[in-house]
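Notes follow the structure.
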Amino acid sequence: MKVKQPSLRKQLGSPALFGIVQGFIAASIYFSIGLVAERALGLTWAVFLVGGLLFAFIVPVYVEGASLHQERGGATVIARHGFNELVSFIAGWAICLDYLILVALCAFAATDYLGLFWSEFSDGLTEFLIGAAIVLVVALLAIRGGGPKRFERAAVLVLGDLVLQLLVVVLGLALLFEPDVLFNPAAVAGTPSLEDVVFAFPLVLVAFSGIDASSGLAGQVKIGRAGLRRLIGVRLLASLVPYLGIALVASSVLPQTGGRWVEAPLLGVANAFEQAWIREPLQYLIAISAVLIFVSAAQAAMLGLSRLGYALSVNRQIPSAFGSLHPTRATPVGIIVFGAVTAIALLIPADLEFLAAICAFGATLAFMIVGLSVIRLRYREPDRDRPYKMPLNVPFRGGELPLPAIGCVGLSGVALVALLVEHGAARWVGVVWMLAGVSLYLGYRISQGKDVFKRVTVPESALTRRRAREVEFGSILVPVLGTPLDDDIMQTAGRLAAEESDDEAGAVIEAIWVFEVPMTLALDARVPDAELKRARAALKRAKAVGEEYEGVEVATAVVRARKAGAAIVKEAKRRGVEAVVLAAEEPTRVGGGLRLGGKPGLHDTSVGETTRYVINKATCRVILTAPPAARTLDPMGPQPVEAPLPLGHAHGVSEDEPAR
């Protein structure tokens, strides 16, 4: 009996994605406004406007990139398919730094808003202890894990905070906003130097880290194409309105306060209202909401760190032991503990600007890599189905060049240069972190005798503490279908085969295409050119995907048979393979026969006819990989343009043409 190993389940929807992204943006507004206003003065709104433009570029870039491949990892997955494994690690390691800093930053910033209730909460040892307590609570919750209800509750909290921030925007524009700040900022709040504006710009990018956290949920979300487009629109609108609106109000208010509210800027905005009946209740509402949002954002950051660290472990970009899962909670305890200890250590300097700058370093580097990867994927995989394709494309060298991706790369590059030039401490911390990570990656891969540019994985079951005997196969048969599901099948086979190839001369995957020829035709009847082309393209793609795994060789073949199931069993026996990795057909829900997508038999209630035959008749192991019966589009994964035919059913074999 097969034991179900702990795994990360597919169970989330668009509220989770909205909650994570908006939670990070809401949290960043509570601290970044003050840091930027301290430097940019009356041009604070302009700095946030440029940041908002970059956000408008980043969102469609991430969504298109993540929609191509249904894997956890966010930027690492996009960079892996756009470039190679080393670039994938660099992107992932930069985002890891981002998540670590965000946990510490949110815990630290929460104490400044708690200071409204008692000043000791935001000063000295008490401040450190409260921040450390928040980190520990977040870490314990991350180890404990949780279902989709936790994300739904977080989404409700974020929605409530969004209403509060919109209230601040409306009241602030009505009662505090100075129109002259748009046209003559020097008269209202003073004119900053160019150096100060350059210094401030990268700090606004901390808000966008949630984009990678949400894309890192690939394989867990359920959302249709229309829902994905709606999510992008809602995400941009809900993010940019309070983001830019509060920046306009803050530009009129905060520069005149002399830095008093740098670490709790929204309390400074509320304090500027002359009406006591607005000022006092609003300050307490803001303080309570800020603390709750900071804790929620810290949870999301720890979630992102744990999932990303796990993905790096599975792909052997860091030692696999770091990704070991809790035997019952299925959470990577080692990574979470490392994140908690590091975050607590980062609280010691008690420097909000320092933490924000380091966080921006990781974010800008990752955004640049993702933008470049999506551009490259337009040329590497031009024909791959894209559940979402960003607008504004121009023809260039035989492909389509996405202008938002170019904008993403350009503005991220400017922000990264600004960080390296103006933020000395953050520059050195960021550079040392990246060099240490690349050294770890290269040392680990080389010591294990692994290629540093190719993908090498470890089975997820090997990362559980209840380690069962590893199942390894030196030869695997994989029937392909010519649909995007083929990638999942070949990746499953590739992981199994790559494990075997560690200690052997190599492993072989036999990818076959079955032409099911009707009884009315001769077995050697001519196959239409379109069908042959389709088969060859599917086998070529299967070979490319399978050979991404080190030590794995993929052989391809076309087989003719009366029944696909019998052909698969026969080929498995003839070739002497150790396992068959099979895409299980779904039992259909309507009548009409197989050719019409109908239900072929009364007893076909779990899997299709071909799948059932192979399971019952095969003399080797059979491993099934299949989507759920209710086809819902994962925003991070491909979807076929048309429903695939049942396994082994070609579109047609011609009797009229001579045999080929």
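The values are calculated or read from the model by the stated rules, or taken from the named source; none is laboratory data. This is a predicted model, so every value here is computed, not measured. Note that each Cβ is placed from the backbone with ideal geometry, even for glycine, and that neighbours are counted across all protein chains shown.
Search the stretch 517-563 for residues being assigned to a loop (DSSP other than H, G, I, E, B) and among the β-branched types (V, I, T), and hand back the single one that is surrounded by the fewest Cβ atoms within 10 Å (Cβ to Cβ).
Result: T520.
Taking the stated definitions as given, is V163 closer than 24 Å to I293 by Cβ and either assigned to a helix (DSSP H, G or I) or not assigned by TED's automatic domain parsing to the domain that holds G362 (or both)?
Judged against the criteria, V163 is a match.
With among the hydrophobic types (A, V, I, L, M, F, W, C), surrounded by fewer than 24 Cβ atoms within 10 Å (Cβ to Cβ), more than 18 Å from I29 (Cβ to Cβ) and touching a helix residue (DSSP H, G or I) at 6+ places or on another chain (Cβ under 6 Å) as the only criterion, which of I143, I134 stands out?
Criteria check complete, one pass: I143.
Would you check which residues across the stretch 293-327 are out of contact with any Lys or Arg (no Cβ under 9 Å at 6 or more places or on another chain), among the hydroxyl-bearing types (S, T, Y) and surrounded by fewer than 21 Cβ atoms within 10 Å (Cβ to Cβ) and list them?
Listed by number, the list holds a single entry, S320.
Please work out if A345 is surrounded by fewer than 20 Cβ atoms within 10 Å (Cβ to Cβ), of a type in the set (A, V, I, L, M) and assigned by TED's automatic domain parsing to the domain that holds V197.
Taking the combined requirement at face value, the residue satisfies it.
Is it the case that some residue within the stretch 399-411 is surrounded by 14 or more Cβ atoms within 10 Å (Cβ to Cβ), in contact with a Lys or Arg (Cβ under 6 Å, 6 or more places away or on another chain), in a helix (DSSP H, G or I) and not assigned by TED's automatic domain parsing to the domain that holds Y549?
no
Could you grab me the full set of residues in the stretch 419-452 that are outside any helix (DSSP H, G or I), under 16 Å from L312 (Cβ atoms) and either modelled with pLDDT of 90 or more or touching a helix residue (DSSP H, G or I) at 6+ places or on another chain (Cβ under 6 Å) (or both)?
V452
Just give me the residues in the stretch 35-51 being over 15 Å from V249 (Cβ atoms) and of a type in the set (G, A, S), in sequence order.
Correct list: G51 only.
List the residue pairs whose Cβ atoms are under 8 Å apart, where the first residue sits in the stretch 333-350 and is farther than 20 Å from L141 by Cα and assigned to a loop (DSSP other than H, G, I, E, B), the second is modelled with pLDDT of 90 or more and of a type in the set (D, E), and the two are 6 or more positions apart or on different chains.
Correct list of pairs: A350/E127.
Scan the stretch 388-403 and report the pairs whose first residue is touching a residue at least 60 places away in the same chain (Cβ under 8 Å) and whose second residue is surrounded by 13 or more Cβ atoms within 10 Å (Cβ to Cβ) and part of a strand (DSSP E or B), with Cβ atoms within less than 9 Å and a gap of 6+ or a chain change.
The qualifying pairs are K389/E400; K389/P402; M390/P402; P391/P402; P402/N393.
What's the total number of residues in the stretch 570-580 that are surrounded by fewer than 22 Cβ atoms within 10 Å (Cβ to Cβ), under 17 Å from T611 (Cα atoms) and touching a residue at least 24 places away in the same chain (Cβ under 8 Å)?
2
Within the stretch 140-152, identify whether any single residue is outside any helix (DSSP H, G or I), closer than 17 Å to A300 by Cβ and in contact (Cβ under 8 Å) with a residue 40 or more places away in the chain, and answer yes or no.
Within the stretch 140-152 (the criterion being outside any helix (DSSP H, G or I), closer than 17 Å to A300 by Cβ and in contact (Cβ under 8 Å) with a residue 40 or more places away in the chain), the answer is yes, since at least one residue qualifies.
Please tell me if A366 is in a helix (DSSP H, G or I) and over 21 Å from the mean Cα position of the chain (by Cα).
no
Considering only residues that are among the aromatic types (F, W, Y) and either crowded, with 19+ Cβ neighbours inside 10 Å or not in a loop (DSSP other than H, G, I, E, B) (or both), which ones fall in the stretch 113-131?
Y113, F121, F128, listed by residue number.
Going by the structure shown, is G424 out of contact with any strand residue (DSSP E or B) (no Cβ under 9 Å at 6 or more places or on another chain) and either within 23 Å of R80 (Cα to Cα) or surrounded by 15 or more Cβ atoms within 10 Å (Cβ to Cβ) (or both)?
When the stated conditions are applied, G424 does not pass them.
Step by step: first the residues of the stretch 459-509, then only those that are under 27 Å from T328 (Cβ atoms), under 26 Å from the mean Cα position of the chain (by Cα) and aliphatic (A, V, I, L, M), then the one that is modelled with the highest pLDDT. Which residue is that?
This residue is L496.
Okay, residues lined up against (1) of a type in the set (S, T, N, Q); (2) within 30 Å of Y62 (Cβ to Cβ):
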site	(1), (2)
G245	no, yes
G258	no, no
L285	no, no
I293	no, yes
Q299	yes, yes
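Is one or more of the residues making up the stretch 41-55 within 17 Å of the chain's Cα centre (by Cα), of a type outside the set (D, E) and at pLDDT 85 or above?
Within the stretch 41-55, one or more residues are within 17 Å of the chain's Cα centre (by Cα), of a type outside the set (D, E) and at pLDDT 85 or above.
Quick one: which residue in Y379, Y388 is of a type outside the set (A, V, I, L, M), in a helix (DSSP H, G or I) and outside the structural domain of C106 (by TED's automatic domain parsing)?
None of the other options fit; the residue is Y379.
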